[in-house]
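Below is one structure; the comments refer to it alone.
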Amino acid sequence: MLQQTTVGAVRPRYPAFLARFPDVATLARARPETVLAAWSGLGYYARARNLHAAARVLVRDHSGRLPADPAALRALPGFGEYMAAAVASLAFGARLPAVDANVARVLSRLFAIGGVVGTRPHTERVRLQAAELLPPARPGDVTAALMDLGQLICTPRNPRCPACPLASECRALARAEVERFPRKKPRPGAERVFVAAAAAQDGGRTLLVRSTQALMRGLWLFPTAHADSPEAALSRLRLVARDLGLRVAGSAPIGRTRHTVVHRHLTIAVYAATRAPRPAARASAAVRWLTPAQLAAAAIPTLTRRIAAAGLSRAPMAL
C-alpha cells in the first residue's frame, strides 16, 4: 500500500484491509473484484492485483507462507528486486540492501552520490553504499532506520538537518547542497484531457461499465469519452451511450469535476443520460445497472466517486 502512496492515505485503510483478509489463505480465496473493492480509492490497482496473485502462489507453492529465500521472493507476482530484498532483510534478517526512494535520498546526500535518481548507475552506487552499512547481525534494523530517516527527517524538501543523527557525516550538508541530491528525472509534461461522462439512473440503479484499461482493469466506471475539447468529448460520449442503449439528455452538463491520473489532468463534464427508445443493451459482465448497495460494495476508483458526487441525483455510495 505504501508504494507510491503516502502514510496518511494508507493509515486509515490498512486495519480494515487486514480485518477483511487476516491471512494469506483468506486473501488467496477471495475473488479479484472483492480485493479491488477493498483497495478502492488507493489507486495504482496493479498493486492489489499483484498482491492477490502472490497470495495464490504462496498458498499453492509455499504452504501459505512467505519464503525466506530472496530468489523465491523475487519470483512472486509484484515482487521486484527492491521488494524481495526488503522482505528478506526486514522479515528474515538477510544481509541484503533494500533501496527505496527514502533510502536512495538519504544515502545520496550522506555520500554526495551524483547522478539521476532511478537510473541504473545511480541505483547501483546507492546499493553498494547501503550494503557496506549493513551489519552481520540484524541488518534489517539499519534498512528500517534509513527508511524512517528519509520519511521523517531527510525529506525531499526542507529536510530537518539539525535533527539528523547523521548530520556530522553528511557530505551534501557539508557542501551546503543538500537539496541538490539526488538529481531528479525531468517530469513528463502535464496532459490536459477533456472527459464527458454519462450518469444514467433508472429505478434507483446506476449504469456502470467494467474497465478494460490497463491502469483500471476490473474497476467499475461511468461511461466516458475523452477528447482534446469538451465538444469533441460530448460527441464521442453520445456514440458510447448509444452502444449501451442510452441517450445523452441535452448538451448542458449537470455537474463538473476534476481528477488527475499520473500526469493526465482530467476536466470532467457529467451529463444526464436515459434509456434510449430502442431496446437497451442487455446487462452483461461488463455492463451493469447497480443498486446503491451493489455500488457501495463494488470495486470503484476515485474517478467514479467524483463523477457520482458531481452528477447523481442521489449519491449511491459513501463519498
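Would you mind telling me the antiparallel percentage of the DSSP bridges in the chain, rounded to 5? Spell out each step's value before the answer.
On the way: 22 of 33 bridges.
Taking every DSSP beta bridge within the chain, about 65 percent pair in antiparallel fashion.
Helices in the chain, meaning DSSP H runs of at least 4 residues, each add -39500 (n - 2.57). Divided by all residues, the mean residue ellipticity at 222 nm is -11500 deg cm²/dmol.
Taking a ≥ b ≥ c as the square roots of the Cα gyration tensor eigenvalues, with a/c under 1.5 meaning rounded and otherwise prolate when a/b beats b/c, else oblate, which class fits the stretch 191-311?
Working: a/c = 1.58, a/b = 1.16, b/c = 1.36.
Oblate.
What FRET efficiency do you get for ALA91 and SER235 if R0 is 51 Å and r is their Cβ-Cβ distance, rounded to the nearest 0.05?
That gives a FRET efficiency of 0.40.
When peptides 50-60, 301-311 are sorted by average Cβ neighbour count within 10 Å, with the highest value leading, the order is 301-311, 50-60.
In plain terms, the chain from ARG157 to ARG275 could stretch by 37.3 nm, reckoned as 0.36 nm per residue minus the Cα-Cα distance. Here the stretch 93-168 is treated with +1 on each Lys and Arg Cβ and -1 on each Asp and Glu Cβ, and its dipole about the Cα centre works out to around 160 debye. Counting only alpha carbon atoms, the long axis of helix 101-110 and the longest principal axis of the chain meet at about 30°. Semi-axes of the equivalent ellipsoid of the stretch 7-180 are 33, 19, 14 Å, computed as sqrt(5λ) over the eigenvalues of the C-alpha gyration tensor in descending order. The slack between GLN294 and LYS184, meaning 0.36 nm per residue of separation minus the straight C-alpha distance, is 35.2 nm.
Please build a GNM for the chain, connecting alpha carbons under 10 Å apart, and tell me which residue among LEU244, LEU221, LEU128 fluctuates the most. Maximum among the listed residues: LEU128. Net charge in the neighbourhood of PHE92 (other residues with Cβ under 15 Å of its Cβ; Lys, Arg +1, Asp, Glu -1) is +2.
Take the chain, drop everything but the C-alpha atoms, weight them equally and run the Debye formula without solvent; then report log10 I(q)/I(0) at 0.10, 0.15 Å⁻¹ to two decimals. These q points yield log10 I(q)/I(0) values of -0.74, -1.18.
Dipole of the stretch 191-311 computed with +1 at Lys/Arg Cβ and -1 at Asp/Glu Cβ about the Cα centre; of SER235, ALA252, MET216, farthest Cα towards the positive end is MET216.
Positive end of the dipole of the chain (Cβ unit charges, origin at the Cα centre): among ALA72, ALA19, PRO182, the Cα lying farthest that way belongs to ALA19.
Within the listed set GLY43, GLY250, GLY218, the residue fluctuating most in the Gaussian network model of the chain (springs between alpha-carbon atoms under 10 angstrom) is GLY250. Whole angstrom only: what separates the Cα centroid of the stretch 6-61 from the Cα centroid of the stretch 76-121? Spelled out, the Cα-based centre of one part sits 23 Å from the other.
Using the Kirkwood radius over C-alpha pairs as Rh, can you work out the diffusion coefficient of the stretch 1-103 via Stokes-Einstein at 37 °C, viscosity 0.692 mPa s, in µm² per second?
Details: Rh = 14.4 Å.
The diffusion coefficient I find is 229 µm²/s.
Placing +1 on the Cβ of every Lys and Arg and -1 on the Cβ of every Asp and Glu, with no other charges, gives the stretch 191-311 a dipole of roughly 200 debye about its Cα centre.
With respect to the chain, whose longest principal axis is taken over its alpha-carbon atoms, helix 81-92 is tilted by about 60°.
With +1 on each Lys and Arg Cβ and -1 on each Asp and Glu Cβ, how big is the dipole of the chain about its Cα centre, in debye rounded to the nearest 20? Walk me through the intermediate numbers first.
Numbers: 45 positive and 18 negative charges, 177 e Å.
Roughly 860 debye for the chain.
Net charge of the neighbourhood of ASP148, taken over other residues with C-beta under 12 Å away and scored Lys/Arg +1, Asp/Glu -1, is -2.
Any read-out appearing in this document is the output of simple, stated calculations on the displayed coordinates, not a laboratory observation. Everything quoted here is computed from the prediction, not taken from an experiment. Cβ coordinates were reconstructed from backbone atoms using ideal geometry, including for glycine residues, and neighbour counts include every protein chain displayed.
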